[in-house]
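Encoded as structure tokens, the structure appears first; notes follow it.
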Amino acid sequence: MDLTAVVTGAARGIGRSVVTRLRAEGYRIVAVDVSPAVTDLAEDGRVVPIVADVTLDATPDAAIGRATAEFGRLDLLVNNAARFLRRPILDTTDDDFDALFAVNVRPTFRFTRAALPLLTETRGCIVNTASISGLIGVANQSVYAMTKGAIVQLTRQLAIEYAARGVRVNAVAPGAVDTEFMAEARAADTDPAASLAVTLSNHPIGRMSTPDEVARAIVFLASPESAGITGTILSVDGGYLAR
Ligand SMILES: NC(=O)c1ccc[n+]([C@@H]2O[C@H](COP(=O)([O-])OP(=O)(O)OC[C@H]3O[C@@H](n4cnc5c(N)ncnc54)[C@H](O)[C@@H]3O)[C@@H](O)[C@H]2O)c1
């Protein structure tokens, strides 16, 4: 019996690494992304890519339904798709606020709600991608940090609500990860080199994490090796929060 996962934000960065790691672990995966690049992941039928915007009302049921239609079960949901916004609060518009919550929070709620009945049947797992920005204050990230704080609290809430039903719910909280997400944010800074230097100096290991390092933490939280862990926010931050 092969385990089955749904992963959002799978076309690049952390989500793509999660698909690669899960595939190596023998999972069958429905990989969801608004970017057509997600179709590169289709190889031998073990990864079913879906090009879809997670903010659309139909997407969660379509993705979860595809997992059951193709593979007959669901063991893992990885809520990972998100956008970043680094902007002082006085420059942050109502539209910025609504757009970020629409991508980073509402689909996590809706995918989770669609998946929980199936995860209860398999005593499966949810792993959310939060951020250190959801745990501590970071300047100029007010709305992004609010969205990640919401993910942290949903994780804790559902861990308790579903513990007796055998569903574990955890999150990873990455620090800076070397993905296009960060590169694009830096490119928009007035001095990208100075911005990178500040980022690196905030991480005691002196570098950003790799997407694969975050993916390995996600796979651990989905595996029987973490059977005693639920409601945990696992930092993958090169020591950022230890300072
Ligand atoms: N990179 C970092 O430094 C960092 C740090 C902390 C947390 N995170 C979190 O990690 C997760 C992944 O980040 P990443 O660095 O891999 O980012 P990324 O931008 O490289 O990848 C995100 C993926 O999500 C997809 N996506 C965005 N909006 C979507 C939508 N509406 N519908 C479907 N797909 C959508 C994108 O197309 C992209 O493929 C995010 O939740 C992010 O908040 C990243």
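Just need a number here: residues in segment 45-65 that are more than 17 Å from residue 121 (Cβ to Cβ), without any contact (Cβ under 8 Å) to a residue 40 or more places away in the chain and outside any loop (DSSP other than H, G, I, E, B). Number satisfying all stated conditions: 6. Residue 94 meets all of the listed conditions (1) away from the ligand (no atom under 14 Å from the Cβ); (2) acidic (Asp, Glu); (3) closer than 21 Å to residue 219 by Cβ but one, namely (3).
When 57, 2, 75, 44 are screened for being surrounded by fewer than 14 Cβ atoms within 10 Å (Cβ to Cβ), under 23 Å from residue 105 (Cα atoms) and more than 10 Å from the ligand (Cβ to nearest atom), only 57 passes. Applying the condition of being among the charged types (D, E, K, R) and within 20 Å of residue 15 (Cβ to Cβ) to segment 214-243 and asking which residue is surrounded by the fewest Cβ atoms within 10 Å (Cβ to Cβ) yields 216. Of 136, 132, 160, all but one fail to be within 11 Å of the ligand (Cβ to nearest atom) and in contact (Cβ under 8 Å) with a residue 60 or more places away in the chain; the exception is 132. Of the residues making up segment 23-40, those that are surrounded by 20 or more Cβ atoms within 10 Å (Cβ to Cβ), within 11 Å of the ligand (Cβ to nearest atom) and among the hydrophobic types (A, V, I, L, M, F, W, C) are 31, 32, 38. Scanning segment 177-195 for residues that are more than 20 Å from residue 9 (Cα to Cα) and not charged (D, E, K, R) gives 187, 188, 190, 192, 193, 194, 195. Mind checking which residues of segment 66-118 are touching a residue at least 60 places away in the same chain (Cβ under 8 Å), among the hydrophobic types (A, V, I, L, M, F, W, C) and more than 30 Å from residue 184 (Cα to Cα)? Answer for segment 66-118, where residues must be touching a residue at least 60 places away in the same chain (Cβ under 8 Å), among the hydrophobic types (A, V, I, L, M, F, W, C) and more than 30 Å from residue 184 (Cα to Cα): 67, 71, 74, 115. Listed here are the helices (runs of 4 or more DSSP H) enclosed by segment 89-186 that have at least 2 residues being touching a helix residue (DSSP H, G or I) at 6+ places or on another chain (Cβ under 8 Å) and closer than 18 Å to residue 236 by Cβ: 142-162. The test for being of a type in the set (Gly, Ala, Ser), within 24 Å of residue 108 (Cα to Cα) and touching a strand residue (DSSP E or B) at 6+ places or on another chain (Cβ under 9 Å) holds for residue 231. Within segment 135-150, is even one residue at pLDDT 95 or above, surrounded by fewer than 22 Cβ atoms within 10 Å (Cβ to Cβ) and among the basic types (Lys, Arg)? No: zero hits.
Of the residues making up segment 206-226, those that are within 11 Å of the ligand (Cβ to nearest atom) and either on the phi > 0 side of the Ramachandran plot or assigned to a loop (DSSP other than H, G, I, E, B) (or both) are 208, 210. A count restricted to segment 169-224 and to residues that are farther than 24 Å from residue 77 by Cβ and touching a Pro at 6+ places or on another chain (Cβ under 8 Å) stands at 2.
The values are calculated or read from the model by the stated rules, or taken from the named source; none is laboratory data. Computed from a predicted model, the values in this text were never measured in an experiment. Note: ideal-geometry Cβ built from the backbone for every residue, glycine included; neighbour counts use all protein chains shown.
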